[in-house]
Amino acid sequence: MAEAEVLVQLSAVYKRYGETVALDGVDLTVRQGESVAVMGPSGSGKSTLLNLVAGLDRPTSGTVTVHGEELSALGEGALARYRRRRIGMVFQFFHLLDDLPVLDNVMLSARLVGTPHKQARARALGLLEELGIAARKDAYPSQLSGGERQRAGVARALMNRPALLLADEPTGALDSRTGEQVMDLLLDLNQIGQTLLIVTHDQRLAERCASRVINFEDGKVSELESV
Amino acid sequence: MGATWSIARAAVRRRRGQTVLIGVIVTLCTAALLIGIALLAAVTGPFDRTFAQLHGAHATVLYDSTKITDDRVGATAQADGVVAASGPFPMASAQLQNGMQMGAGPMRIAGRAEPGGGADQLRLTHGRWATATGEIVVGTHLRWGPDPGRILGRTYTLPNLGTATVVGVAYSVTQSADAWMRPDDVRRIGATSTQMLYRFAPESAATAAHLEQRLAAVTAGVPTDAVAGTGDYLTNRERAGQRAKTLSSFLTVFAVLSLIVAVLVIGNVVSGAVIAGYRSIGVLKAIGFTPGQVTAVYLLMMTGPALIGCAVGAVLGNLGTSWLLEQFQNNVYVLGLDTTPSPVLTVAVLVAVPVLVAVTALVPALRAGRTTATAALSAVASPTGRGRAVQRLLSRSRLPRAVSLGLALPVVRPARTLLTLLAVVLGSATVVFSIGLTESAGRWNDALVRADHVQVQVMNPPPGGPTEVEGEARRQPEGTRMTDPEVEAFVRGIPGARYVTTLFYGDAAVAGITENVDLNAYRGDSAQLGYEILEGRWISGAGEAAVGAEVLRLTGKSIGDSLTLTVEGRTVVVRIVGEIFGVHSEVYLDWASVSFMEPRMPVYFVGLSPGTTADRFIEQVAGGGDAGLIATTPDDDEIDMAVLLSVVGALTAALLVVAGLGVAHTAVLNTRERRRDLAIVKSVGMTPAQAAVMVVTSMAALGILGGVLGLPGGVAAQRQIIQLIGEAAGTRLPQGIVDVYTAPQLAVLLLSGVLIAVLSALLPARQAARISTAEALHTE
């Protein structure tokens, strides 16, 4: 069977914050359809890795290529467009916009890429239905439980059918039962072909959802293991 | 644009407090700005504007009607340089009486068939033109108080004519006459002269020398003794300029203050809103908003409510300006007649204020656009580490913990604190300035009214006139007439009369002054009248005069110099012994100096003994005979400051509200940012009351500092403005009118900043007290 296409390629990536080295010559490849979990202690560089892949930050040296685009070569506007079309992000603290109800939060990404309102609404409602929170579509984030907020966050991330779903501690702020639900959700997504890059402390999440686990320590890949 | 718009719209809707705050602040700032600027425009060169609008006459010539025919006078309109003319109009001088005389002396009545004409077009402000016999229109410059319309329908007696009914009030920019009637009516009264009004090309009438040349051309060929008098527009223009200066000086202060406070508070609110939405910036960027879109979101969030506030403010500003201009129009004759603010100004403010908001918002909005998503997402709600030394110092102090924590709060956000402090400083200075100016105006008025010295005045009007009199006045029934000495004896005989002074009004020609001056001749205890002496002393007998500043200025005389007066054709030489504080060009004499003068309805001023009330005394006069005497209290509003003070009050209130909202907004932002800290301190035992104290203390500290800094500014502004008003009124001011602040007052005014800050912080403090610890810690 032929190997899947490379979706994410990090080559000799260094990232420094002043004197602190966050990433120290990282090489990493993620192929389409994979689910990769990045684990490691606090300060090991996991989140920095995720921010670089998301185009939210730039490497000090080295290259980050996603879906054939070298992110360092892109300007701020192009990076914003890259985030809209290529990736979806799920955050530990959900980061929904407090001023918008759930449906509008989810539709926002589609509105950014110019999807007609009717079409965006239908897609958002479909996602909310699939994720089991359609009944809360008119609620504001502050009126939702943690699990509901994270589902809304996942729905928003999937809205533009991203090639890559990035998840930063997606179960970190959830109780164990809700965390389980989110894990199931991510697993389901991967099984239907969604590429996942998950940063987590949660061993169970990594074991359940990831086909490959990458351990980080002091800004370096310390260990690769297949699940 | 759709996503940008929907985010901005949602933020405006959901953050109602912030949206309303921006809207209200912009509304008030717009209204205050528009009022300030519109009034400023109205008092800047109003004379020239109105003069042009109404085709004011550059020169007026009075011809002796016994020496030249009307046809010959009318022919002067063809003279070289005359571009338009009105006349000839018959002129009479007569006293209008209805028991109370109108004006201080005879009035100049012109016979005009219609208000229009080539020169000096009259504009009716109330009622209609005189079209039938016995109808009269009076000039607005005679000052009819806040409601000139009330004079309509009043009847007066005029010599040789009988009764005249007031049917209109008209404005003459040239002040060519005090009243107007049909020409035939004026001839019946006894016209002695013929008036001709001329307009020249403006460039040929710019100076006194120009006007002299033009008048020489107009009167060339006219018998030399046929010209009874000439006048030009330059004197009126100078007076108008002085009055305008009075208003414009303090309006400038308010317009500038409004602008500064508006910029400060809007800047504070906008940057505060950006900081408060810091986390959202990160989220927006993470899901694909470009820097430009993030900037646009914040600009839309600010300019949306600002546009609505600006529109509402423009409406309020227009209404306020119209009302105020109407008041000025009724009180200060020099202002133009158009009471609607210029649409150009409204449009300018409608454009300028949103631009101001947008520019103010642009800096923090650009900063928001430039902020990286990772920085925004990982940022804590409020910066830590700032002012730690201050916080350590305060925590070691013996102050209650809530107070020390509150005092440390302003240190965390120095820029925000500075903007808030400046708003408090300006608010405090405004309070100090307004209170000082009001006190100065009050003392000015007291000095003119002399209410402590004269409590009742009695008049002995000629037969006829109203049986009912206005206000506090009471009138005896009409029966047996009293002579002047009898009236004085009667008034002196009433229990409670401590002293009685009789005033005889007249006028006199003074060398060096083109118009006659008002003469006030006193008989009796005039030293008790309480006039404020600026220099020298009060008159002590015949041959002495006390004068107003304008008399000294116009004649070039000083205290000790002799002054030659022409009274009823006789020459009277008096020595100037004192300068009286007042706004008029008046001469005060002892009756003995002009005892030959025909007594025109004297007024008896009464100073009452302690324990006697004015009301009781007036009742005693009214019930003490049947000579038709009228007793009343003197007018207690001598100066035209009422409107001025209402403007001061309105603008001060607007500025205070804006400054207060600025403080409240800062307190809200601080509280919101410290939500987590507040929850933590509450979780370890801080009571809701202590939380409230903490927030109030944080703003009170700014209030104290603001009060201290604002006080000198307010005092300096008051001194400057009252001096300017004095200059405009053509008088020096007694020190008591300039130095109005007492030490206890200053101490209280020092607290004005604290008051602004504490009152504004009360609501945010209540919110802080109500923060749910569990919820705050759960959602942080």
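The set of residues in region B:8-45 that are away from every other protein chain (no Cβ under 13 Å) and in a loop (DSSP other than H, G, I, E, B) comprises B:T44, B:G45. Condition check: modelled with pLDDT under 80 and crowded, with 20+ Cβ neighbours inside 10 Å. Does B:V647 satisfy that? Taking the combined requirement at face value, the residue satisfies it. Selection of region A:83-102 for residues being touching a Ser or Thr at 6+ places or on another chain (Cβ under 7 Å) and closer than 16 Å to B:A10 by Cβ yields A:L97, A:D98.
Checking each residue in region B:62-81 for being modelled with pLDDT under 90 and part of a strand (DSSP E or B) picks out B:L62, B:D64.
Right, B:E550: modelled with pLDDT of 90 or more and within 29 Å of the chain's Cα centre (by Cα) or not? It is false that B:E550 is modelled with pLDDT of 90 or more and within 29 Å of the chain's Cα centre (by Cα).
Only one of the numbered conditions (1) free of Cβ contacts under 8 Å to residues at least 60 places away in the same chain; (2) within 11 Å of chain B (Cβ to nearest Cβ); (3) in contact with a Lys or Arg (Cβ under 6 Å, 6 or more places away or on another chain) is not met by A:F94, and that is (1). Sub-7 Å Cβ pairs linking a first residue in region B:47-61 that is assigned by TED's automatic domain parsing to the domain that holds B:V83 to a second residue that is among the hydroxyl-bearing types (S, T, Y) and in a helix (DSSP H, G or I), at least 6 apart or interchain, are B:V61/B:T219, ordered by first then second residue. Does B:V186 satisfy the condition of being touching a strand residue (DSSP E or B) at 6+ places or on another chain (Cβ under 7 Å) and either part of a strand (DSSP E or B) or outside the structural domain of B:D120 (by TED's automatic domain parsing) (or both)? Criteria not met by B:V186. Residue count for region B:271-288 under the criterion of being facing chain A (nearest Cβ under 9 Å), closer than 22 Å to B:I22 by Cβ and not small (G, A, S): the result is 2.
For region A:60-77: of the residues being assigned to a strand (DSSP E or B) and not hydroxyl-bearing (S, T, Y), which is modelled with the lowest pLDDT? Checking each candidate, the answer is A:E69.
From the list A:A80, A:A37, A:A12, pick out the single residue that is free of Cβ contacts under 8 Å to residues at least 60 places away in the same chain, in a strand (DSSP E or B), of a type in the set (G, A, S) and in contact with a Ser or Thr (Cβ under 9 Å, 6 or more places away or on another chain).
Working: A:A80 fails: in a strand (DSSP E or B); A:A37 fails: free of Cβ contacts under 8 Å to residues at least 60 places away in the same chain.
Only one candidate qualifies: A:A12.
Table: residues versus (1) within 14 Å of chain B (Cβ to nearest Cβ); (2) under 19 Å from A:L50 (Cα atoms).
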| position | (1), (2) |
| --- | --- |
| A:L158 | yes, yes |
| A:L164 | yes, yes |
| A:S176 | no, no |
| A:M183 | no, yes |
| A:H201 | no, yes |
| A:A210 | no, yes |
| A:N215 | no, yes |
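The values are calculated or read from the model by the stated rules, or taken from the named source; none is laboratory data. No experiment lies behind these values; they were computed from the predicted model shown. Neighbour counts run over all protein chains shown; Cβ positions are idealised from the backbone, glycine included.
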